[in-house]
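The values are calculated or read from the model by the stated rules, or taken from the named source; none is laboratory data. Computed from a prediction, not measured in an experiment: that's the story for all the values here. Backbone-built Cβ (ideal geometry, glycine too); neighbour counts: all protein chains shown.
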Amino acid sequence: MIEIKDLHKSYQTGSSSLHVLKGINFNVAEGELVAIMGSSGSGKSTLLNILGILDEADSGSYILDGVPIKNLNETVASRYRNKFLGFVFQSFNLINYKTALDNVALPLYYQGVNAKDRAEIAMSYLEKVGLASHSHHLPNELSGGQKQRVAIARALASHPKVLLADEPTGALDTTTSYEVMELIQGINDEGKTILIVTHEPDIAAMCKRNVILKDGLIIEDKQIVQQRAKLYV
Amino acid sequence: MFNKDQWNEILEALSAKPLRTFITAFGVFWGITILVILLSASTGLENGVKRGFGGMSTNSMFIWTNSTSKPYKGLPQGRYFNYKNGDIDALKREFSQLKYVSPRNQLGGFRGSNNVVRGTKTGAYNVYGDYPEYILQQPMKITKGRFLNYTDINQKRKIAVIGEGIIRELYEPGENVLGTYVKVNGVNFMVVGVYKSISTMGGDSEEKGKEIYTPFTSFQQAFNYGDIVGWMAITAKDDYPITDLKPKILELLKERHTIAPTDDRAIGNFDLYAEYSKINGLFGILKAVSYIVGGLILLSGVIGIINIMLIVVKERTKEIGIRRALGATPWDIKKQILTESVVLSLLAGMAGIIFSTLIILLANSILDGLPDASEVMFANPSISLTVVVIALLILVLSGLIAGFIPARTAVKTKPIDALRTE
C-alpha cells in the first residue's frame, strides 16, 4: 500500500538548514495498523505530512497504492488526498459552523457526490461511530471524544485507502482515548490500513506494528501483539 | 458553477458573522444608491429642461432678414430686402436634406396696437401666416377644431386658429368658438381651431397662448404682402444637423438676393440645434460626473469588501487548510471566495438599487403633487433599465475584483502551514 525509499527532508530556517528525515525506508501493507512513535523533533509528524501529501520530500520515492507521489501540482495533490487519504487530527479540525453531518459530508462534496447521496453516506458513517443521534449538532455542542468520532467518520466518508491519524488521542482523557482506539481497531479489523502518530506507549500497544523514529531515522520497527482497547474501556 | 450546495456554503459563510457581513455590504449598498440617485437626478434635470422645448423640432433654425452691411455688385450698404416665395421653392429644390421649410409672416408683436376685433372687444395679438407643417416644428395642442391644412393654403381660405388666451379675452365664458369670426386689420377670419401652447421655453407661455395662425397664402393676400416672406422656420431631417447645412443655405440665399458672400449680418438666424446641442453636451458632462462620483463611492465600498474578505480569508486559514486536506482543490477554494464576494456585492447592490428606486419613487410622487409641476426644472427623475444592467455588471465585476486578491491569498498558504495556524 505504501512504499517509501530513502526519504530525505530538511527545512530551511533562515540561514541554517534542519535535516529532519535522514533516509527513511518503510513499507506498509494493506490492512496494517501502524503506530509511528518517537520523541518530539524525531520527524514523525513530518513523515506523516509527507505520507499525507501535505508536504513533499526533498529526495527519495513514495509510492501510494501503486501511484508515485512526486512533483504533483496542488490540484492533483488535492485529488489524491481526497481519493486515497483520510485525515484525523489531534485538534479534530472540524469546521465549527457546520453540523456533524455536514462535516462528515465535506470530503464527498469535493468528490462531486450529490447532496442526497452525501447525506446518506455521511449518516451511515455517523452511525458507524455511534453518533447518528448527534448528526445535527454543531461541533461546539459535542464533547472531545464525540468530536474525534465525527472526525474519524469524516476521514472514512470518502472511502480512502489509508487513514492517517496525527496524535488522535492527544487531546483526550484516558477513557475517551481508549474508546476512540476501540473504534479505530474496529475499522482496522474491517481491513482499512491505518497509520497513527503517537507518543503514548499504551496507544502504540493497541496497534499491530510499532515504528520508532529517532533523529530522523527508524531505529526500531517491530510487529507486536495487539492489545484490544475493549478490555480497558 | 452554481448549485444548491455552493449556495449553502456561501450563505453559511456569510451568515456566520451577520453584523460584519451587513456592515461590509453597506459600503457597496451606499455606493450603488448614490450612483443610481445621481444618475436619476441628472435624468430628472434633463427631462425638466428638455420639457421646456415642448416637443419642438430641435433640428431647426429660424432665419430672417436684416439690412445689408456691405456694398455688393453696385448695390449699396444698408439696403433692406425680403425673402420671396421663390426662396422657399429654391431651398426645397436645392436641399433634399431639409424636412420642412416653413415661410412665415407676422402682424403685430410686442406692445403692438390693437389689431384684432370681435364685436365690441379688441385685443393686440400676434397674427401669423403659416404653412400646415408649422405645427410639426412647434408642437401645440389643438383643443378644439383643427389646425391649418393644404386646402386652406391652396384656396387661400380666410380661416384662423386662435389661442386659448384669446378666447378668455374676446369671448364670453361658455360661448361656442368654432365658426365665429374675428376681424384682423379689417379682414374677417373664421375660427376653425383652438390651440394650447405646450412649450415653456423662454417663459413667455402667456404670450404664446395669445396667437392667431392663418394660412400663409391667405395672409399674404389679405394683408398686401405680395410674395414677401417675413422669415422662415427650417427643419432638417434627423440625420443631418441643421448647423452643418446652415452655411450652404445662407450661401444660396445670399446669391439669390445679391448680398456679398462675406456679409454676415444681412441674414439673421437662430440655430435651435446649436443651442440644444449645448444643453445636450451639458447633460452629457453631468452624466459623466454622476458616473465618476458614484463609481468612486462604489469603489470605496469595493475596497471595504476586499478588506473584509482578506480578514475572512485570514480568519479562515485553518478552515481552508482543513478543506484542502479533505480534497478541496485550489480552484475550489478560489471559487468559493470569489463567489462569496460576488454574492455579497450583488446582494448589497440589489438592495441599493431597490432602496434608491424607492427614493426616486418618493421624489416622483412629491413632484407630481406640486401644484404647478411644469414650472419646476426637474421632471420624472428615472433610471433606465440599461443603467440598472450596467450597475449590476459593475457590481459583478467589482465583486470579482474584490474577491481576486483574497482568493489568491487563500491558496498561497500551503495546506500544511494553514493547518498549523491557530
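Some observations on this one:
- Candidate set: segment A:17-39, residues that are under 20 Å from A:A57 (Cβ atoms) and among the polar types (S, T, N, Q); chosen: the one surrounded by the fewest Cβ atoms within 10 Å (Cβ to Cβ): A:S17
- Single residue of segment B:161-189 satisfying the filter (within 22 Å of B:S113 (Cα to Cα) and among the small types (G, A, S)) that is surrounded by the most Cβ atoms within 10 Å (Cβ to Cβ): B:G163
- Selection of first residues in segment A:152-170 that are facing chain B (nearest Cβ under 10 Å) and of second residues that are of a type in the set (S, T, N, Q), restricted to Cβ pairs under 8 Å at least 6 apart or on distinct chains, gives the following pairs, ordered by first then second residue: A:R154/A:N103; A:S158/A:N82; A:S158/A:Q111; A:D166/A:S45; A:D166/A:Q90.
Yes or no, residue by residue, for (1) crowded, with 18+ Cβ neighbours inside 10 Å; (2) among the hydrophobic types (A, V, I, L, M, F, W, C):
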residue	(1), (2)
A:R118	yes, no
A:A122	yes, yes
A:L126	yes, yes
A:V129	yes, yes
A:S133	no, no
A:L142	yes, yes
A:R149	yes, no
A:R154	yes, no
A:S158	yes, no
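- Of residues in segment B:317-330 being without any contact (Cβ under 8 Å) to a residue 12 or more places away in the chain and either in a helix (DSSP H, G or I) or surrounded by fewer than 24 Cβ atoms within 10 Å (Cβ to Cβ) (or both), the one farthest from the other protein chains (Cβ to nearest Cβ): B:R323
- If you check A:S61, A:S78 for being hydroxyl-bearing (S, T, Y) and out of contact with any Ser or Thr (no Cβ under 9 Å at 6 or more places or on another chain), only one passes: A:S61.
Residues are listed down the side, and each one gets a yes or a no for (1) more than 25 Å from A:G145 (Cβ to Cβ); (2) more than 15 Å from the chain's Cα centre (by Cα):
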{"site": "A:T174", "(1), (2)": "no, yes"}
{"site": "A:Y178", "(1), (2)": "no, yes"}
{"site": "A:L183", "(1), (2)": "no, no"}
{"site": "A:I187", "(1), (2)": "no, no"}
{"site": "A:P201", "(1), (2)": "no, yes"}
{"site": "A:A204", "(1), (2)": "no, no"}
{"site": "A:C207", "(1), (2)": "no, no"}
{"site": "A:Q223", "(1), (2)": "yes, yes"}
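- Among the conditions (1) touching a residue at least 12 places away in the same chain (Cβ under 8 Å); (2) surrounded by 18 or more Cβ atoms within 10 Å (Cβ to Cβ); (3) part of a helix (DSSP H, G or I), the only one that A:T175 does not satisfy is (2).
- B:K141 meets the conditions (1) surrounded by 14 or more Cβ atoms within 10 Å (Cβ to Cβ); (2) charged (D, E, K, R); (3) in a strand (DSSP E or B) in every case but one. The failed one is (1).
- Qualifying positions in segment B:58-76 - over 43 Å from the mean Cα position of the chain (by Cα) and surrounded by fewer than 18 Cβ atoms within 10 Å (Cβ to Cβ): B:P71, B:K73, B:G74, B:L75, B:P76
- Of the criteria (1) within 14 Å of another protein chain (Cβ to nearest Cβ); (2) part of a strand (DSSP E or B); (3) surrounded by fewer than 17 Cβ atoms within 10 Å (Cβ to Cβ), which one A:S61 fails: (1)
- For segment B:170-282, the strands (runs of 3 or more DSSP E) that sit wholly inside it and include 3 or more residues that are at pLDDT 90 or above and β-branched (V, I, T) are B:187-197.
- Within segment A:188-205, the only residue that satisfies the criterion of being of a type in the set (A, V, I, L, M) and either farther than 20 Å from A:G86 by Cα or surrounded by fewer than 20 Cβ atoms within 10 Å (Cβ to Cβ) (or both) is A:A205.
- The listed residues are A:L72, A:L47, A:L126, A:L54, and the only one of them that is in a loop (DSSP other than H, G, I, E, B) and either touching a residue at least 40 places away in the same chain (Cβ under 8 Å) or within 28 Å of A:P139 (Cα to Cα) (or both) turns out to be A:L54.
- Of the residues in segment A:31-48, at least one is modelled with pLDDT of 90 or more, among the acidic types (D, E) and out of contact with any Asp or Glu (no Cβ under 9 Å at 6 or more places or on another chain).
- Filter result for the condition that a residue is among the charged types (D, E, K, R) and more than 29 Å from the chain's Cα centre (by Cα), over B:K156, B:K196: B:K156
- B:I353 away from chain A (no Cβ under 14 Å) and buried (at least 18 other Cβ atoms within 10 Å of the Cβ): yes
- Residues in segment B:212-267 that are among the charged types (D, E, K, R) and more than 27 Å from the chain's Cα centre (by Cα): B:D227, B:K248, B:E251, B:K254, B:E255, B:R256, B:D263, B:D264, B:R265.
- Every residue from segment B:113-131 that is surrounded by fewer than 19 Cβ atoms within 10 Å (Cβ to Cβ) and outside any strand (DSSP E or B): B:S113, B:N114, B:G119, B:T120, B:A124
- Cross-chain or 6+ apart pairs with Cβ under 7 Å, segment A:3-20 first and within 22 Å of A:D65 (Cα to Cα), then among the charged types (D, E, K, R) and in a strand (DSSP E or B): A:H8/A:K22
- The set of residues in segment A:111-123 that are over 16 Å from B:E12 (Cβ atoms) and either within 9 Å of another protein chain (Cβ to nearest Cβ) or not in a helix (DSSP H, G or I) (or both) comprises A:Q111, A:G112, A:V113, A:N114.
- A:S42 satisfies every condition listed in (1) within 12 Å of chain B (Cβ to nearest Cβ); (2) crowded, with 20+ Cβ neighbours inside 10 Å; (3) assigned to a loop (DSSP other than H, G, I, E, B); (4) not aliphatic (A, V, I, L, M) except (1).
- Filtered by the rule that a residue be within 14 Å of another protein chain (Cβ to nearest Cβ) and either crowded, with 24+ Cβ neighbours inside 10 Å or touching a residue at least 60 places away in the same chain (Cβ under 8 Å) (or both), segment B:18-36 gives B:R20, B:T21.
- If you go through segment B:39-71 and pick out every residue that is among the charged types (D, E, K, R), assigned to a helix (DSSP H, G or I) and more than 17 Å from B:S277 (Cβ to Cβ), you end up with 1.
- Restricting attention to segment A:88-110, the residues that are touching a residue at least 40 places away in the same chain (Cβ under 8 Å), touching a helix residue (DSSP H, G or I) at 6+ places or on another chain (Cβ under 8 Å) and either more than 7 Å from chain B (Cβ to nearest Cβ) or part of a loop (DSSP other than H, G, I, E, B) (or both) add up to 14.
- The lone exception for A:L85 - which of (1) facing chain B (nearest Cβ under 8 Å); (2) in contact with a Gly (Cβ under 7 Å, 6 or more places away or on another chain); (3) not charged (D, E, K, R) it fails: (1)
- When the test is whether a residue is assigned by TED's automatic domain parsing to the domain that holds B:P18, assigned to a helix (DSSP H, G or I), touching a residue at least 40 places away in the same chain (Cβ under 8 Å) and not hydroxyl-bearing (S, T, Y), B:I354 does not pass it.
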